[in-house]
Amino acid sequence: MTTNEANVADPEISDADIYQRLAPELIRMATALVGRADAADVLSGAVVRVLASPKWPGVVNHRAYLYRAVCNEANTWLRRSAARRAGEARVPVEDRWELPNLRPDVRRAVARLSVRQRAVVVLTYWADLAPAAVAEQLGISEGSVRRHLARARSSLRRVLDA
């Protein structure tokens, strides 16, 4: 690929073609910035932002624009990761809890629940929170907590009784 292939704003070159041509080098760049585990997420976040940008149709140097987008997304990713780790470190040790070792069939059954149902089950049974406290933690109504908990129990009962 010549330098101009991905740099010149050509209406006949689709966004998909540009991505396909540049993705291997962009993923290498993202990997160098954030590591292998998070590189694909950084690249996809950068591409989504670029394609949603009103400036994208007028971009002349697609490669440079996408490289800058990957760098910006990597910075955002690293900043958020550091903030999350700092927040987790501030939690007092006595407030941290781990899920118990579950039987494999129970673990699989819980994994089949929706994310919201799992969150309600974990906060209710492992964190020992009342429905009002679970609702406050998740930012939903107490009725929603009760509904998700009832559906989760029903689903778990069906799967585990089978």
_Taking the chain and dividing mean pair separation by its residue count, relative contact order in percent (alpha carbons under 8 Å, at least six apart)_ = 18 percent
*GNM on the chain, C-alpha springs below 10 Å: top fluctuator among Leu113, Leu33, Leu43?*
Leu113
*Any idea how far apart Arg90 and Ala132 come out in nm if each label point goes 7 Å out from Cα toward Cβ?*
2.6 nm
*List Thr31, Thr76 from most exposed to least, where exposure is judged by having the fewest other Cβ atoms within 10 Å.*
Thr76, Thr31
*Choose one answer from Val47, Val106, Val60: the residue with the largest mean-square fluctuation in a GNM of the chain with alpha-carbon springs under 10 Å.*
Val106
*Where labels lie 7 Å past Cα in the beta-carbon direction, separation of Val122 and Ala83 in nm*: 2.1 nm
*Considering only Ile140, Ile27, Ile18, give the residue with the highest GNM mean-square fluctuation for the chain, with springs between Cα atoms whenever their separation is below 10 Å.*
Ile140
*Given the Cα atoms of the chain, and with Rh set as the inverse mean 1/r over their pairs in the Kirkwood sense, what is Rg to Rh to two decimals?*
1.16
*On full extension of the chain, what length is gained from Ala111 through Ser144, given 0.36 nm per residue of separation minus the C-alpha to C-alpha distance?*
9.9 nm
*asked:* Report the gain in length on full extension from Ala162 to Ala52: 0.36 nm times residue separation, minus Cα-Cα distance, nm rounded to one decimal.
replied: 34.9 nm
*Only helical DSSP H runs with n ≥ 4 go in: add -39500 (n - 2.57) per run for the chain, normalise by residue count and round the 222 nm mean residue ellipticity to 500 deg cm²/dmol.*
-22000 deg cm²/dmol
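The numbers here are math on the coordinates, done by the rules we state, and not lab data. None of the values given here were measured: they were computed from a predicted structure. Positions of Cβ are generated from backbone atoms using ideal geometry, with glycine treated the same way; all protein chains shown enter the neighbour counts.
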